[in-house]
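Report on the following structure.
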Amino acid sequence: MHQWSAAEYVRVFWQLDPGVTTGVVRDHRPAVVLLDIVMPEKDGIETVKEILTLDPDAVIFTMSGRDEDYQEVARVLGARRGFMKPVSTKAVLAAIRDHMREQTGGS
């Protein structure tokens, strides 16, 4: 796991091993989880279910390079936002900022 601090209030955990994603969520309780739905070793839809079982209030943003059906299933399960690949960093950061503003009542 890699940890990167971009600012005093931002911590990003970068996890390349899908087998430990739920452990990272359990241990660190991130404000937002950005999750690829199609992973080589683990089904992202199952990971969404596992995360929301562990933390029903978890905020999950998904991304996929496959058809939009994957995104719809993830949203039905509780993911808050979905992105189709390729997705820009700018779009992801804007979605995270919007979510954080909603949480803090900011404008």
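Each value in this text was obtained by applying a stated rule to the coordinates, not by laboratory testing. All of these numbers come straight from a predicted model, not from anything done at the bench. Using ideal geometry, Cβ is built from the backbone for each residue, glycine included, and neighbour counts are taken over all protein chains shown.
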Which loop GluC sites (Glu not before Pro) in segment 10-107, with loop taken from DSSP, have no more than 11 other Cβ atoms within 10 angstrom of their Cβ?
Glu41
Local net charge near Trp14, Cβ-Cβ under 15 Å (Lys/Arg +1, Asp/Glu -1):
-2
Using a basic spin-label model with each label point 7 Å from the Cα along Cα→Cβ, how many nm lie between Asp27 and Glu72?
3.8
Cβ-Cβ cut-off under 12 Å around Met39, Lys and Arg +1, Asp and Glu -1: the net charge is -3
Can you give me the Cα centroid spacing of segment 83-100 and segment 42-79 in angstrom?
16
Computed, not fitted: 222 nm per-residue ellipticity of the chain from DSSP H runs ≥ 4 (each -39500 (n - 2.57)), nearest 500, equal to -13000 deg cm²/dmol
Taking N as the number of residues in the chain, what is its alpha-carbon radius of gyration divided by 2.2 N^0.38 Å?
1.03
Contour minus end-to-end for Val87 and Phe13, with contour as 0.36 nm per residue of separation and end-to-end as the Cα-Cα distance?
24.8 nm
